[in-house]
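Here the structure is laid out as structure tokens; the discussion comes afterwards.
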Amino acid sequence: MAGPPVMPANNKNTCGVSVKQQLAGDEPVKLGIVVLEGPYQHEAADTAYNFAVAALEKGHEIFRIFFYHDGVNNATRLMVPPQDDRHIQKRWSELAEKHNLDLVVCVAAAQRRGIMDEEEQKRHGKDANNIAPGFRISGLGQLIEAGIQCDRLVFFGD
Amino acid sequence: MALLHTVNKSPYQCNTLESCLQHVGEGDVVLLIEDGVYAAVKGGKASEMLAQAQGVKICALSADVKARGLTGKLMDGIEVVDYGGFVDLVVETDKTQAWL
Amino acid sequence: MSDVKNFLYVNRKAPHGTIYALESLEVVLIGAAFEQDVALAFLDDGVFQLVKGWDTSELGVKNFQPAYTALGDYDISKVYVERESLEERGLTEDDLIEMTYEDEEDDWAEKSSIRIVSREEMAQIMRDADVILSF
């Protein structure tokens, strides 16, 4: 699925070492991450976040993180966890800002569960919106596109 | 075409691990995450199931092992990996099936 | 690399108890427009999604079973159902809804999309996919 290993420009000095073998585990890949469960109720949101952080630390590209099912609830900026607990939404937003990540919330799943941005708020005549910075609402096609574009797609759910 | 299988349920609540192990092939990797790590506790009924898995590497996620007080309690042959190791497994295998 | 990938939707959960079945189906319906090679796998409690005769009226939930039978209209012709999962649950193929497609290569003859496969075959189907969507 992944194309042939791409030799980095700076591999000139690795004489005597099998470069291809050495790169097998380290070669950057394009990852897609799917989060199917909401914050706090299930561990999936934590596992997905920790996985994403580790992937970025290893130099991989995260093409998109797609929030679906109750996973869309990760995107509400209205959550107020106790101060000594992790803030799951802020954590996602900050990671997205730092690494320019594409956090996509499925529109159909979001509508069911009352997650909306300003545009959705107007469209449905609601009195508020709640989407957090760094998240955007879009269609399920974004998940399919991630499947097409990414070298690896990983699901986190319950 | 090796697969990475993630299992996140306790085998004492759910048959997810059993079903996963019935679908693994030579060279596959099973990664126990979240409540899935309980399967690897030494002496537990589920550990027998894991011991019988031939030609399959069994790993457990260290954060989940530690969080549950299972450090030092795992059966032999389990490779404990951190989140970075989880990422490596995803990259090294061809694709990932999450047994949710 | 070809632009077309083999997408396999792995369905392992019963309907109604959680939203996994319905929202997986919604991905399948949207995904059909992307002209990828799509197959559906039903195993474990996922086989309950295809048991015919749903009546959701008393539950007060929309009956989304007709959407499964309409998948043929979306060019989805490969629906793999695991035999062992059926047997363990006291089911046979006769308990399942009809799912058909029109075979373009056989003068548009109407054929069943459902293929009952062994556990071993199901494992191979997973290995052969390019992309697995796990629900």
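Taking a straight line from the alpha carbon of A:LYS126, these aspartates and glutamates sit under 12 Å away, with near neighbours fewer than eight places off in the same chain left out: A:ASP117, A:GLU118.
Per the Debye formula on identical point scatterers at the alpha carbon atoms of segment C:31-79, with no solvent, log10 I(q)/I(0) at q = 0.15, 0.19 Å⁻¹ is -0.50, -0.75. With Cα atoms as the point set, the radius of gyration and Dmax of chain B evaluate to 12.0, 35 Å. Is the C-alpha gyration tensor of chain C telling us rounded, prolate or oblate? Criteria: a/c under 1.5 is rounded; beyond that, a/b larger than b/c is prolate, otherwise oblate. It is rounded, given that a/c, with a ≥ b ≥ c, falls under 1.5.
Which is the longest part of chain C that has none of the GluC sites (Glu not before Pro) sitting in a DSSP loop with at most 11 other Cβ atoms within 10 Å? Walk me through the numbers before you get to the answer.
Values: sites that count: C:GLU35, C:GLU58.
For GluC sites (Glu not before Pro) (loop position, at most 11 other Cβ atoms within 10 Å), the longest site-free span of chain C is C:59-135.
Among the trypsin sites (Lys or Arg not before Pro) within segment C:1-102, those in coil by DSSP and having at most 15 neighbouring Cβ atoms inside 10 Å are C:LYS52, C:LYS62, C:ARG89. With 31 Å as the limit on Cα-Cα distance, the pairs of B:LYS42/B:LYS95; A:LYS90/B:LYS9; B:LYS42/C:LYS5; A:LYS30/B:LYS73 that go past it are B:LYS42/C:LYS5; A:LYS30/B:LYS73.
The packing ranking, built from the mean of other Cβ atoms within 10 Å per residue, places the peptides B:78-87, A:71-80 in the order A:71-80, B:78-87, highest first. Working note: Debye formula, equal point scatterers on the alpha-carbon atoms of segment A:29-156, no solvent; log10 I(q)/I(0) at q = 0.15, 0.16 Å⁻¹ is -0.64, -0.73.
Note on C:ARG115/A:GLN121: beta-carbon distance plugged into 1/(1 + (r/R0)^6) with R0 of 56 Å gives a FRET efficiency of 0.80.
Extending 7 Å from Cα along the Cβ direction at C:ASP55 and again at C:ASP73 yields two label points whose distance is 2.5 nm.
Site pair A:TYR40 and A:ASN100 shows an inter-label distance of 3.4 nm when each label is modelled 7 Å from Cα along Cα→Cβ. Its Cα gyration tensor gives segment A:97-136 an equivalent ellipsoid. The semi-axes, each the square root of 5 times an eigenvalue, are 21, 11, 7 Å from largest down.
Pairs of Cα atoms in the protein assembly as shown fall into 20 Å distance bins, from 0 up to the last occupied one, in shares of 26, 58, 16, 0 percent.
Couplings 3J(HN,Hα) for segment C:27-39, derived from phi with the Karplus relation 6.51 cos²θ - 1.76 cosθ + 1.60 (θ = phi - 60°), are 5, 4, 5, 5, x, 4, 6, 8, 6, 9, 8, 10, 9 Hz, where x marks Gly and Pro. Using a cutoff of 8 angstrom between alpha carbon atoms and counting only pairs six or more residues apart, the relative contact order for chain C works out to 31 percent.
Counted over segment B:3-93, the DSSP beta bridges are approximately 10% antiparallel. Our coupling estimate for segment B:32-48, obtained by passing each phi through the Karplus curve with A = 6.51, B = -1.76, C = 1.60 and θ = phi - 60°, is 8, 10, 6, 5, x, 5, 4, 5, 8, 5, 4, x, x, 4, 5, 5, 5 Hz, Gly and Pro reported as x. Compared with the direct C-alpha span, the chain from A:GLN149 to A:GLU57 gains 31.0 nm at full extension, assuming 0.36 nm per residue.
What number comes out for the charge environment of A:SER138, summing +1 per Lys or Arg and -1 per Asp or Glu over other residues with Cβ under 15 Å away?
-4
Inter-label distance, C:GLU93 to C:GLU105: 2.0 nm, where each label sits 7 Å from its Cα along the C-beta direction.
Each value in this text was obtained by applying a stated rule to the coordinates, not by laboratory testing. Because the structure is predicted, anything quoted here is derived from the model rather than measured. Please note: Cβ atoms are built from the backbone with ideal geometry, for glycine as well, and neighbour counts cover all protein chains shown.
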